1. Would you pick out the residues in the range 132-163 that are modelled with pLDDT of 95 or more and over 21 Å from residue 71 (Cα atoms)?
2. Residue 6 fails exactly one of the following numbered conditions: (1) in a loop (DSSP other than H, G, I, E, B); (2) farther than 20 Å from residue 158 by Cα; (3) in contact with a strand residue (DSSP E or B) (Cβ under 6 Å, 6 or more places away or on another chain). What is the number of that condition?
3. Give 171, 204 a once-over and let me know the one that is in contact with a strand residue (DSSP E or B) (Cβ under 7 Å, 6 or more places away or on another chain) and open to solvent by 50 Å² or more (accessible area, probe 1.4 Å).
4. Look through 276, 189 and report the one residue that is touching a residue at least 60 places away in the same chain (Cβ under 8 Å) and surrounded by fewer than 20 Cβ atoms within 10 Å (Cβ to Cβ).
5. Condition first: part of a loop (DSSP other than H, G, I, E, B), buried (at least 21 other Cβ atoms within 10 Å of the Cβ), free of Cβ contacts under 8 Å to residues at least 60 places away in the same chain and out of contact with any Lys or Arg (no Cβ under 6 Å at 6 or more places or on another chain). Now tell me which residues in the range 21-56 satisfy that.
6. If residue 66 meets every condition in (1) open to solvent by 70 Å² or more (accessible area, probe 1.4 Å); (2) assigned to a loop (DSSP other than H, G, I, E, B) apart from one, which number is that one?
7. How about the range 245-273: which of its residues are open to solvent by 70 Å² or more (accessible area, probe 1.4 Å), modelled with pLDDT under 90 and of a type outside the set (D, E, K, R)?
8. Could you say which residue among 216, 115 is open to solvent by less than 20 Å² (accessible area, probe 1.4 Å) and either under 30 Å from residue 271 (Cβ atoms) or modelled with pLDDT of 95 or more (or both)?
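The values are calculated or read from the model by the stated rules, or taken from the named source; none is laboratory data. Remember, it's a predicted structure, so these values are computed and weren't measured experimentally. Cβ coordinates were reconstructed from backbone atoms using ideal geometry, including for glycine residues, and neighbour counts include every protein chain displayed. Side chains are part of the model used for accessible areas, which takes the heavy atoms of the whole protein and leaves out ligands, DNA and RNA. Shrake-Rupley method; radii C 1.70, N 1.55, O 1.52, S 1.80 Å.
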Amino acid sequence: MRTAAGVVLAGGRSSRMGRPKAWLEWHGSTLLYRAAALLARTVDGPVVVVAAPGQELPPLPAGVSVAEDPVEGLGPMQGLAVGLAAVADRAETAFVCSTDMPFLHPAFVRRVLRGLAPGVDVALPVARGFRQPLAAGYRTSLAGLVTRLLAEGDLRPGMLYKHCEVVQLSDDDLLADTQLARHDPELESVVNVNSPDDYAAARDRLPPEVLVECFGALARNGGHRPRGVRAATLGAAAAEAGLTLDRHVVAALNGDQVTRDGALPLVAGDTVAFLSADAGG
């Protein structure tokens, strides 16, 4: 069994934002695409987006599936139950997040999932002064318990925590992870965009800084030397290197994942190597 899945809750009403947050653009991709693709590049199990009944979603990364919530209006606990049930037969644990977290970093996801030690049901960050139930790790076996609590009228995540073993992860606990401390020292992974002002502030932020380098026939004029660029997607990183991701060019992310997906999200600390596909790269 694969050990960890990803679940993105996309079915919120976005009442404060005034329009569906899943469709909002952030530096080259929608918020939903970025969240789902970031989880897909981080966990070793399936990634599922939980949608409201009849909800129209923007395009999703290849391999990401959709689980439709059969009941509308019951909040994140209902989405949590649907998401955990959708992956329970393929993963023991899941990182669960909302769709509106443009600064989520893989190092944060990995650190939270490591909190699910044997005997722990929920790894709950208490970051930046607040509990973060929608940036947390859960045992997928909790799906039945969440469903039962919903049937009894308990709609708040806090009620779930009274019935299972929860480990709380403080800022210090999280930042003891050297990769997380290096690439997300302010724990902005948990920052979400709830209002138009939040969204405007997020849009005003510069994309993350990543390293790009070129090899083979692409390494002209010193292009083989790593250099820092600002790019939130692989396509933007290619453009900064003067390249287009077509059948002649491929990219290796952090030395392993080979892809041409221009919408693949990038985060601070990533290294992208561009290679000529024609040369067998």
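1. Hits for the range 132-163 are 132, 135, 136, 137, 138, 139.
2. Checking residue 6 against (1) in a loop (DSSP other than H, G, I, E, B); (2) farther than 20 Å from residue 158 by Cα; (3) in contact with a strand residue (DSSP E or B) (Cβ under 6 Å, 6 or more places away or on another chain), the one that fails is (1).
3. Working: 204 fails: in contact with a strand residue (DSSP E or B) (Cβ under 7 Å, 6 or more places away or on another chain).
After ruling out the rest, the residue left standing is 171.
4. Working: 189 fails: surrounded by fewer than 20 Cβ atoms within 10 Å (Cβ to Cβ).
From the options 276, 189, the qualifying one is 276.
5. The answer is 52, and nothing else.
6. Condition not satisfied by residue 66: (2).
7. Step one: list which residues in the range 245-273 are open to solvent by 70 Å² or more (accessible area, probe 1.4 Å), which gives 247, 254-256, 258, 260.
Subsequent filtering for residues that are modelled with pLDDT under 90 retains 247, 255-256, 258, 260.
Across the range 245-273, the qualifying residues are 255, 258.
8. Details: 216 fails: open to solvent by less than 20 Å² (accessible area, probe 1.4 Å).
It is 115.
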